[in-house]
Amino acid sequence: MMRILLKLSGEALAGDKKSGFDEATVLGVAKQVKAVKDTGVSLAVVTGGGNFWRGRSSENIERTKADAIGMMATVMNCIYVSEIFRSLGMKTSVYTPFLCGSFTKLYSKDAVEESFAKDEVVFFAGGTGHPYFSTDTATLLRAVEIQADRILLAKSIDGVYDSDPAINKDAKKYDRITIEEVVEKKLGVVDMAASVLAMENKMTMQIFDLNEKDSIINAVKDENIGTLVTA
């Protein structure tokens, strides 16, 4: 059975509103995930927290506390998205690397495998549980731990370019590129800690535009959608 880890940016959850939740957007994601699951694919989800908080949102807050706020933003996002998934009949579990009352389950590899065995969509909230590590790093870490076949990075751009296409109309899109090239060319697909994890563990990432019709379904079916980053 194929196992996929889907990374959703917080901004993607906000849709055109740019902050908070856009239920129509999240419902669209949920419908696609259900269609993918119905084909027998096992699925996990990581969300960012940028629709509520970014690490540099305030210059008056110490970094470790700012990162803690960001971790809690991802918890809110995962609980919300998981409930939208459940409204369509999917079973879900939300895991965090720290105790969060009765709202989430404490992460362990064994517990997660039990959730997969129950055909649940597994949500990884709270990042790595430590400051100075982004949700990029948490995404790679969890993907390696659950032995995902591929990471899907749903973004607001249709792949990896050699320069910003919003600024350079001649920017070249890569169909395939290695993570080593991404680092060398400073293309910023994921941060350095996440890049090292990808390199060391030979983890494949696929970057695609969430806003395109049936983008998640198409990315699962076809590695040629967007840009494939290999290690």
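Here is how the number arises for the chain: DSSP H runs of 4 or more residues each give -39500 (n - 2.57), the sum is divided by the residue count, and the result at 222 nm is -11500 deg cm²/dmol. The loop-placed GluC sites (Glu not before Pro) in region 29-121, going by DSSP, that have at most 12 neighbouring Cβ atoms within 10 Å of their Cβ come out as E59, E62. Percent of C-alpha pairs per 10 Å bin in region 1-94, short distances first: 16, 45, 27, 10, 2. About its Cα centre, the dipole of the chain is roughly 320 debye, where the only charges are +1 on Lys and Arg Cβ and -1 on Asp and Glu Cβ. Karplus-derived 3J(HN,Hα) values for region 81-87, using 6.51 cos²θ - 1.76 cosθ + 1.60 with θ = phi - 60°, are 5, 4, 5, 5, 4, 5, 5 Hz; glycine and proline are entered as x. Give me the percent of the accessible area of the chain that comes from carbon and sulfur atoms, probe 1.4 Å, all protein chains in place. The computed percentage sits at 51. In this simple spin-label approximation, R54 and A24 carry label points 7 Å from Cα along the Cα→Cβ vector, and these lie 2.5 nm apart.
In the structure shown, do any of K31/K172; K7/K105; K37/K118; K34/K221; K17/K155 have a Cα-Cα gap over 21 Å, and if so which?
Details: K31/K172 32 Å; K7/K105 19 Å; K37/K118 13 Å; K34/K221 14 Å; K17/K155 16 Å.
Violating the 21 Å limit, Cα to Cα: K31/K172.
Between amide H atoms placed 1.01 Å from N, distances below 5 Å from K91 occur with V121, all of them 5 or more places distant or on a separate chain. For region 60-148, the list of trypsin sites (Lys or Arg not before Pro) that fall in a loop by DSSP and count at most 16 other C-beta atoms within 10 angstrom reads K118.
Determine the shape class of the chain: with a ≥ b ≥ c the square roots of the Cα gyration tensor eigenvalues, call it rounded for a/c under 1.5, and otherwise prolate if a/b is greater than b/c, oblate otherwise.
Values: a/c = 1.34, a/b = 1.14, b/c = 1.18.
Cα axes put the chain in the rounded bin.
The values are calculated or read from the model by the stated rules, or taken from the named source; none is laboratory data. Note that this is a predicted model, so its numbers are computed, not measured. Here Cβ is always computed from backbone atoms with ideal geometry, including for glycine, and neighbour counts include all displayed protein chains. Ligands, DNA and RNA are stripped out before the accessible areas are found, and what is left, the full protein with its side chains, is counted by its heavy atoms. Shrake-Rupley method; radii C 1.70, N 1.55, O 1.52, S 1.80 Å.
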